[in-house]
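Colleague: Take this structure first; my questions come after.
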Amino acid sequence: MNWDRIEGNWKQLKGKAREKWGKLTDSDWDQVAGKKEQLVGRIQERYGISKDEAQRQADEWARMQTMEMHDEREHAGKRG
């Protein structure tokens, strides 16, 4: 999933992101607002990890969201 889609679907995806990065505060989430660079910066800061590692985590999370959305659409098509 590209980050434009994540930003556009942020209200739905924010809960899943909160599950992954529980150390981020409500204020952090408000500032992130689906923007990748903001998320990477907050992960880096709260978890004390490198920017590269925070970037890797964000990219992996985005890939998982893409897979889940694809699976949900595929499953819905089989029901219809």
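The values are calculated or read from the model by the stated rules, or taken from the named source; none is laboratory data. A quick note: this is a predicted structure, and the numbers were derived from the prediction, not measured. Here the Cβ is made from the backbone with ideal geometry for all residues, glycine too, and neighbour counts use every protein chain on show. When the accessible area is computed, the model is the full protein with side chains, heavy atoms only, and any ligands, DNA or RNA have been set aside. Shrake-Rupley method; radii C 1.70, N 1.55, O 1.52, S 1.80 Å.
Colleague: Would you mind telling me which numbered condition in (1) part of a helix (DSSP H, G or I); (2) open to solvent by 60 Å² or more (accessible area, probe 1.4 Å) K23 fails?
Modeller: K23 satisfies all of (1) part of a helix (DSSP H, G or I); (2) open to solvent by 60 Å² or more (accessible area, probe 1.4 Å) except (1).
Colleague: What are the pairs, 6+ residues apart or on separate chains, where a residue within the range 44-64 that is modelled with pLDDT of 95 or more has its Cβ under 8 Å from a residue that is of a type in the set (K, R) and open to solvent by less than 60 Å² (accessible area, probe 1.4 Å)?
Modeller: That search, which allows pairs on different chains as well, returns A58/K36.
Colleague: Which condition does D4 not pass, out of (1) surrounded by 13 or more Cβ atoms within 10 Å (Cβ to Cβ); (2) free of Cβ contacts under 8 Å to residues at least 40 places away in the same chain, if it passes all the others?
Modeller: The one condition D4 does not meet is (1).
Colleague: Anything in the range 26-57 that is outside any helix (DSSP H, G or I) and of a type in the set (G, A, S)? List them, or say none.
Modeller: Within the range 26-57, the first condition is being outside any helix (DSSP H, G or I), and the residues that meet it are 33-35, 48-50.
Within the range 26-57, A33, G34, G48, S50 meet the criteria.
Colleague: Ok, one more. For the range 14-70, which positions are over 10 Å from the mean Cα position of the chain (by Cα) and of a type in the set (K, R)?
Modeller: K23, R42, R46, K51, R56
Colleague: Give the residues of the range 23-51 that are hydrophobic (A, V, I, L, M, F, W, C) and on the phi > 0 side of the Ramachandran plot, sorted by residue number. Reasoning before the result, please.
Modeller: We begin by selecting, within the range 23-51, every residue hydrophobic (A, V, I, L, M, F, W, C); these are 24, 29, 32-33, 39-40, 43, 49.
A33, the sole residue that qualifies.
Colleague: Still on this structure, please answer the following. Being closer than 16 Å to W10 by Cα and β-branched (V, I, T) is the filter here, so list the residues in the range 34-79 that pass it.
Modeller: Within the range 34-79, V40, T66 meet the criteria.
Colleague: Right, here's the next one. If I go through the range 7-20 residue by residue, how many of them are exposed (fewer than 13 other Cβ atoms within 10 Å of the Cβ) and part of a loop (DSSP other than H, G, I, E, B)?
Modeller: 0
Colleague: Closer than 19 Å to R5 by Cα and exposed (fewer than 13 other Cβ atoms within 10 Å of the Cβ): which single residue out of A62, A33 fits that description? Reasoning before the result, please.
Modeller: Values: A62 fails: exposed (fewer than 13 other Cβ atoms within 10 Å of the Cβ).
Going through A62, A33 in turn, the sole match is A33.
Colleague: Please specify each residue of the range 36-59 satisfying the condition of being of a type outside the set (D, E, K, R) and either touching a strand residue (DSSP E or B) at 6+ places or on another chain (Cβ under 6 Å) or exposed (fewer than 13 other Cβ atoms within 10 Å of the Cβ) (or both). Before the answer, list the steps.
Modeller: Going residue by residue through the range 36-59, those that are of a type outside the set (D, E, K, R) are 38-41, 43-44, 47-50, 54-55, 57-58.
G48, S50, listed by residue number.
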